[in-house]
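Below is one structure, written out as structure tokens, with a few remarks after it.
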Amino acid sequence: MPHILENATLKGYNTFGIDVSARWLSSFGSQEELTALLRDFSNRPLLILGGGSNILFTRDVDGLVLRNEIKGIEVVREDGHYVYVRAGAGENWHVFVQHALQRNWAGLENLSLIPGSVGAAPMQNIGAYGVEIKEVFYELSAYHLDEHKVYTFSLNDCAFGYRESVFKRRYKGQFVILDVTFRLSKVPKLHTEYGAIREELDKMGIEKPTIQAVSEAVIRIRQSKLPDPAQIGNAGSFFKNPTVPAGEFARLRDAFPGIVGYPVDGGVKLAAGWLIEQCGWKGYRKGDAGCHARQALVLVNYGQAGGREIYDLSEEILQSVKARFGVELEREVNIIG
Ligand code: FAD
Ligand code: EPU
């Protein structure tokens, strides 16, 4: 039976570095350990934690916090084109990406260096540099907290969208993801259409990129743009990039000629970082809560900020963007409180 801590700080378990406590804190390394803990703590509020890199705690958690530490990476099937690889939900995402790169399994390279766990990746269909996990996802298994049964979810079942899945909506709080199976390619199909990747590959002097080179380019871009949570507390992009109808975009472009947007299904996706920067927030700091000086979409904790301060800053930003552009931002980070 895993050790259970009482009134334990979560500061080291969330990349914002927010100092809140959990009434009980433990971890599980298997489905059996999970079910044993759930039996002992039935009817207590429960929070499943991976790497804590997409979470903002605004108060103490009066319940059981369980860190997912289910490990293991194994090939479950293989054919001429694909290898099907299952990874435990508690595996570190980037360690899994590196595991694939070392074996020349393609498809994850653009998703290099995203913090967090394998099990949380489907929660918001993680994405970066032109790729989302839905493109390499095969299936996952998840434990239903009320029915005490394990279900298999196919690609369709997950209803993946931009930073969305069925686990954030219809089934919110109902399932614990145990493992995820990916379909990776033996013959790489590179995604270098994202401008910054091509530029970085040029800088690296690479004409014929491999998946390893694409990964290296992505890592370099990320390290130059995004703050490292080990240095400054943050959870990546705090808001989603909003999509507006094409007509609305035309109106905005007339009024704000520099506005940044990309055509997507259903309209134009706006760069929220640009909107926030235009409202004067980039580099803003109040106490230890701030808006990052290189990436306005990232809110930061310079040290001792409370979750409430970060949340209040996000609300001020959201309101100012709405007032100036008439565009409503939506938070990407999961708010606990
Ligand atoms: P956590 O923060 O621990 O949890 C997130 C949510 O999922 C919570 O609601 C939690 O309860 C739930 N959860 C976690 N594990 C499970 C499970 N096994 N079963 C059920 N529910 C679970 N995201 C991107 O998409 N693209 C990026 O480019 C990107 N860049 C980032 C850069 C930085 C510097 C940082 C700090 C974050 C970035 N993120 C990015 C956000 C984050 O890395 C991802 O959302 C990641 O998948 C979160 O994983 P985690 O294990 O830390 O999840
Ligand atoms: N921009 C500004 N000012 C800023 C930041 C951005 O004007 O302060 C504009 C620039 O014009 C830039 C454009 O926004 O060209 C896009 O910026 P960037 O390429 O840095 O990407 P992003 O839209 O800010 C998104 C994801 C990231 C992901 C990158 C790369 C969301 C919410 N964020 O950021 O994901 O890594 O693209 O694909 O979709 C995350 O989800 O946590 C995350 C970091």
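The values are calculated or read from the model by the stated rules, or taken from the named source; none is laboratory data. Predicted model only: the values in this text are computed from it and were never measured. Don't worry about glycine lacking a Cβ; one is built from the backbone with ideal geometry, like all the others, and counts go over all protein chains shown. Keep in mind that these areas ignore ligands, DNA and RNA; they rest on the heavy atoms of the full protein, side chains included. Shrake-Rupley method; radii C 1.70, N 1.55, O 1.52, S 1.80 Å.
For first residues located in the range 305-326 and more than 15 Å from SER237 (Cβ to Cβ), partners that are assigned to a helix (DSSP H, G or I) and of a type in the set (A, V, I, L, M) and lie 6+ apart or on another chain with Cβ distances below 9 Å form the pairs ALA305/LEU313; SER320/ILE276; ARG324/LEU275; PHE325/LEU252; PHE325/ALA255; PHE325/LEU275; GLY326/LEU252. Checking the structure you have, find out if any residue of the range 182-194 is touching a Ser or Thr at 6+ places or on another chain (Cβ under 6 Å) and either more than 27 Å from GLU330 (Cβ to Cβ) or within 16 Å of ligand 2 (Cβ to nearest atom) (or both). Taking every residue of the range 182-194 in turn, none turns out to be touching a Ser or Thr at 6+ places or on another chain (Cβ under 6 Å) and either more than 27 Å from GLU330 (Cβ to Cβ) or within 16 Å of ligand 2 (Cβ to nearest atom) (or both). Are there any pairs with C-beta distances below 8 angstrom linking a residue in the range 225-248 that is open to solvent by less than 40 Å² (accessible area, probe 1.4 Å) to a residue that is assigned to a loop (DSSP other than H, G, I, E, B) and among the basic types (Lys, Arg), with the two at least 6 apart or on different chains, and if so which? Listed pairs, sorted by first residue: PRO227/ARG294; LYS240/ARG163. Of the residues making up the range 126-144, those that are within 10 Å of ligand 2 (Cβ to nearest atom) and not in a strand (DSSP E or B) are ILE126, TYR129, GLY130.
Scanning the range 307-330 for residues that are surrounded by fewer than 17 Cβ atoms within 10 Å (Cβ to Cβ) and of a type in the set (D, E, K, R) yields ARG308, ASP312, GLU315, GLU316, LYS322, ARG324, GLU328, GLU330.
The strands (runs of 3 or more DSSP E) located wholly in the range 40-124 that include 1 or more residues which are within 16 Å of ligand 1 (Cβ to nearest atom) and within 20 Å of ALA230 (Cβ to Cβ) occupy 46-49, 55-57, 61-68. Would you confirm whether or not the range 21-38 contains a residue that is open to solvent by 20 Å² or more (accessible area, probe 1.4 Å), assigned to a strand (DSSP E or B) and either more than 23 Å from PRO115 (Cα to Cα) or not polar (S, T, N, Q) (or both)? Yes.
Can you go through ILE276, ILE259 and tell me which one is within 14 Å of ligand 2 (Cβ to nearest atom), under 25 Å from the mean Cα position of the chain (by Cα) and not hydroxyl-bearing (Ser, Thr, Tyr)? On inspection, the qualifying residue turns out to be ILE276. Can you name the residue in the range 130-163 that is in contact (Cβ under 8 Å) with a residue 40 or more places away in the chain and open to solvent by 30 Å² or more (accessible area, probe 1.4 Å) and is also farthest from ligand 1 (Cβ to nearest atom) among such residues? Among those residues, the one meeting the criterion is TYR138.
In the range 311-327, what residues are in contact with an Asp or Glu (Cβ under 9 Å, 6 or more places away or on another chain) and either assigned by TED's automatic domain parsing to the domain that holds VAL20 or within 15 Å of ligand 2 (Cβ to nearest atom) (or both)? Scanning the range 311-327 gives LEU318, VAL321, VAL327.
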